[in-house]
Structures are given as structure tokens and as C-alpha cells.
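Before any comments, here is the structure.
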Amino acid sequence: MRRVLNQKFFNRDTGIVAEELLGKYLVRRIAAPRRGSGQAREVSGMIMEVEVYDGPHDKGSHASRGVTPRNKVMFGHPGIWYPYFTYGMHWLVNVTTREKGYPAAILIRSTENVEGPGRVTKYFHIDGKLYGKPVARSSGLWIEDRGIKTRKSKIKKSPRIGIEYAGEYWKKRKLRFVLVSDE
């Protein structure tokens, strides 16, 4: 069973969506090269690690600064891609959640075959062209439910990575979710 997650899935509490994304598959259709005899292909990987950025008061979130040209998609509809460029070299990708007007998103930090949010975007060929596009086959990047059941006992919660600037409260909140293996 391969069911593409729709906007309704993302229009819920960000923490719940984050936990439920673990075990789902990030899928990317990569276009055929313009020259040569290549064909379009799909790459996919099970989502293993995510981070929550929830609301205008979350000091670790881009939304804490109010609406800007960079983050305006966070204030829009749920189920929209929010890729952004950081450190002058890496794309990172978030998916928006919650109702329109409430800024919330989930950063995809790793998949089963790729660790690190910058490596995820490189592997899946994600860049700014996906900004504001829906999480749907039509955008070429989507998330599938392939029927894998994830037990809560297999989800480890910890503080987010790289937000030292956010202050003690936001820095220590356990808003990073990792699917741990049986090993």
C-alpha cells in the first residue's frame, strides 16, 4: 500500500504530525537528464528523524521574527514545502503544519539512507524551486504512508540541534523526534 499523505494529514497539531511522519517515506521524482538516454526515476527513504518548529513564540523558529519573505510560507496552508538555504551552502527542507495563519513546520533531519538535513536535501535533489509547492506527486516531492506501524516506544524525544541562540527554555524543549531501530 502506497498512500500519498494529503493536506488534511498536516492540518493538525505539529507534535502529533511529527511523530506520525516517522516511518513514512519521503519520495522524490527526479527528472530525466536533458541530454542522453536517461529516464526519470524515483528515490525514497523512510523518515527517521524530524524536528518541530511550532508557533510565533518558538524562539528556535524562523516564525518568531514575524512574517518575512523567507518564512511567509510557514504562515500559509498546511502540507506545503518550505526549503531554505542556510550557512551559504545547504538547503534544508520543512513541511508546514496546522491551520493557515499559525506558523508551524517540521524539519526533515534524516531518512533511513541519509543522515543530516543538508545531506537529505542533496540526496533527494531538493532546493528552493520547491518553495511553496504542495506535498504532492504534482510537485515531484511527496510523503507516502506504506503501512508501517511505528510504536511510540520506538520514538526517542530530545532537544533540537543547533538552536543555541533560542534561549534556555526553547533550547531544552524536547522537540526532536527520532525513530530508533530494534538493534
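The values are calculated or read from the model by the stated rules, or taken from the named source; none is laboratory data. Remember, predicted model here, so these are calculated numbers, not experimental data. Here the Cβ is made from the backbone with ideal geometry for all residues, glycine too, and neighbour counts use every protein chain on show.
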Subject >> Matching residues in segment 152-175 - criterion: being of a type in the set (D, E, K, R) and either closer than 17 Å to Ser61 by Cβ or within 19 Å of the chain's Cα centre (by Cα) (or both) >> reply: Lys156, Lys157, Arg160, Glu164, Glu168, Lys171, Lys172, Arg173, Lys174
Original post:
Is there a residue in segment 87-108 that is touching a residue at least 12 places away in the same chain (Cβ under 8 Å), part of a strand (DSSP E or B), surrounded by fewer than 16 Cβ atoms within 10 Å (Cβ to Cβ) and not charged (D, E, K, R)?
Top reply: yes
**OP:** Taking the residues in segment 57-80 that are touching a strand residue (DSSP E or B) at 6+ places or on another chain (Cβ under 6 Å) and part of a helix (DSSP H, G or I) as candidates, determine which candidate is farthest from Asp13 (Cα to Cα).
**Re:** Val73
Original post:
Which pairs do you get when a residue that is closer than 28 Å to Arg41 by Cα and at pLDDT 95 or above, found in segment 142-156, comes within reach of a residue that is part of a loop (DSSP other than H, G, I, E, B) and not aliphatic (A, V, I, L, M), reach meaning Cβ atoms under 8 angstrom, with the pair 6+ apart or on two chains?
Top reply: Ile143/Lys24; Glu144/Arg2; Glu144/Lys24; Asp145/Arg2; Asp145/Lys24; Arg146/Arg2; Arg146/Lys24
